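Below is one structure, written out as structure tokens; comments come after it.
The values are calculated or read from the model by the stated rules, or taken from the named source; none is laboratory data. Note that the structure is a prediction, hence the values are computed from the model and not measured. Counting neighbours? That spans all protein chains shown, and the Cβs are built from the backbone with ideal geometry, glycine included.
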Amino acid sequence: MKYSLLGFGVSNKAVLDYLLNKGESVFVSEKRTLDDRTKEYLRSAGVEYEEGENSERIFKSDVIVVSPGVKPSHTLLLKARERGISITTELDLAYSELTRGENVIVAITGTNGKTTTTKLVAHLLSKRYRVFEGGNIGTPLISAVKDAENYEFFVCEVSSFQLHWSSSFKPKVGVLLNVALDHLDWHADFEDYLNSKLSMFKRQDANDIAFISKSIEEFVSDFESRIFLFDKNMGYHFKLNEGLLCFEDEHLEYMLENIPKHMRENLTAAVSVGLYLGLQPSEIVEGLNTFQSLPHRFEFVLERDGIVFVNDSKATNAHAVVAALNNFDKKNVILLLSGLGKNEDYKELSRAISQKCRAVIVFGEMKKLAERFVKNVPLVFAEDMKDAVKLAVEMATPKSVVLLSPAGASFDLYADYAERGEDFKRCVKEIMSETVYLKNS
């Protein structure tokens, strides 16, 4: 059988390795320019390729494997469907291999919180089981196929892009955290985005379980799987009460003081999965105590002169920024916005800014959008990150919070959200060091 890989990002590179190990014929089509190392690898492996464009050469195959980032409106994919050429994705190829045995797939999706929840689930399960962790967060699921016998659970984050292209993937345990307007620059509309998220749950049967956030209960009435609803106060056989995680069947508690409010629903989802899959409360508590929170997700940077700096660079949509702002009880936030918008409805963000922010500082492409939804508080334009942090420090008073929660993708100024977050931390530490020096001189 001959395969064409449309797009050659992380997932399709893993697909190539998988297909070559099976002795399949593969053609690679990548619209960007490939680096010399990649081209040398392809040549040495005997793989034909094209770069700088996607052409109809992909039609000389039995199956097209689509990279998740390729939009459904891609002209070649529309033509491929007309010609009856099979279209699949890394996720489905992995699923077809892993479900041949007794492997248990745990898949987490949602608009915000997927990565943290995936890593927490994997961390908790690793206290007792052999666990593969991957999917959309780094190592593609198909990379686990060659060593599948070494794992008892496969914990993976799955995105709406991956699920859009999938036709068969269904996890034994599925988690749906939340659904809010996002990626409308990729999906046709919100309904298309929502249906992508729901698709893997609609394929589940009575032997599977779906952990679903109560916030989206209205969308899940026709599922065949067992459904358990969770929220920030209750999970599977436990509840959160007055700052404590309390288990039903054991007198054991866990303090929640270091868990931001908007991350507690992620915690209830992860703990629910752990308990359902057989972990004891003591193992859950041990796992929570040893879990390292991820950078760029409501990350404390430093506190100086009574000013707290928080890096939430991963908040690339309005819903995530609202969740971050809801952690604050007072109107003391100086919010930094930046990046590329995603064709969202900003009503909720506008309301949250009015309630929680003393001022908003914006730089990058977000300048073109900010005036539409920043109301009733000062709006200041900055040149770049360093200028934005300087302005925030000048405006801040003791008990102020300077929060980078951008509401946009990073690609206008940075390679990714992590580079943006690191720049924020560097600027904060540099500027506050200078500020302290001047105050002491």
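Candidates are the residues of segment 1-56 that are closer than 15 Å to THR88 by Cα, among the aliphatic types (A, V, I, L, M) and not in a helix (DSSP H, G or I); the one that is modelled with the lowest pLDDT is MET1. Return a yes/no flag: does segment 346-364 have any residue that is of a type outside the set (S, T, N, Q), surrounded by fewer than 18 Cβ atoms within 10 Å (Cβ to Cβ), touching a residue at least 24 places away in the same chain (Cβ under 8 Å) and under 13 Å from PHE309 (Cβ atoms). No, segment 346-364 contains no residue that is of a type outside the set (S, T, N, Q), surrounded by fewer than 18 Cβ atoms within 10 Å (Cβ to Cβ), touching a residue at least 24 places away in the same chain (Cβ under 8 Å) and under 13 Å from PHE309 (Cβ atoms). Every condition in (1) assigned to a strand (DSSP E or B); (2) touching a residue at least 40 places away in the same chain (Cβ under 8 Å) holds for ALA392 except the one numbered (1). Among the residues of segment 204-224, just one is hydrophobic (A, V, I, L, M, F, W, C), part of a helix (DSSP H, G or I) and surrounded by fewer than 19 Cβ atoms within 10 Å (Cβ to Cβ), namely PHE219. For segment 136-176, give me each residue that is at pLDDT below 95 and either assigned to a strand (DSSP E or B) or at positive phi (or both). Matches in segment 136-176: GLY138 only. Within segment 221-233, the residues that satisfy the criterion of being free of Cβ contacts under 8 Å to residues at least 40 places away in the same chain, of a type in the set (A, V, I, L, M, F, W, C) and in contact with a helix residue (DSSP H, G or I) (Cβ under 7 Å, 6 or more places away or on another chain) are PHE223, LEU229. Under the condition of being touching a Leu at 6+ places or on another chain (Cβ under 9 Å) and charged (D, E, K, R), the residues counted in segment 287-318 number 2.
Within segment 225-237, not a single residue is modelled with pLDDT under 90, on the phi > 0 side of the Ramachandran plot and in a loop (DSSP other than H, G, I, E, B). Evaluate the following for SER293: is it in contact (Cβ under 8 Å) with a residue 60 or more places away in the chain, closer than 26 Å to HIS237 by Cα, in a loop (DSSP other than H, G, I, E, B) and polar (S, T, N, Q)? When the stated conditions are applied, SER293 passes them. Annotation: of all residues in segment 82-122 being among the β-branched types (Val, Ile, Thr) and assigned to a strand (DSSP E or B), the one that is surrounded by the most Cβ atoms within 10 Å (Cβ to Cβ) is ILE108.
Within segment 188-203, residues that are surrounded by fewer than 23 Cβ atoms within 10 Å (Cβ to Cβ) reach partners that are charged (D, E, K, R) and not in a loop (DSSP other than H, G, I, E, B) with beta carbons closer than 9 Å, at six or more positions or on different chains, in the pairs ASN195/LYS202.
Has segment 48-60 got at least one residue that is touching a Ser or Thr at 6+ places or on another chain (Cβ under 8 Å), more than 19 Å from SER167 (Cβ to Cβ) and buried (at least 21 other Cβ atoms within 10 Å of the Cβ)? No, segment 48-60 contains no residue that is touching a Ser or Thr at 6+ places or on another chain (Cβ under 8 Å), more than 19 Å from SER167 (Cβ to Cβ) and buried (at least 21 other Cβ atoms within 10 Å of the Cβ).
Restricting attention to segment 288-341, the residues that are crowded, with 21+ Cβ neighbours inside 10 Å, of a type in the set (Val, Ile, Thr) and more than 16 Å from ALA392 (Cα to Cα) total 3.
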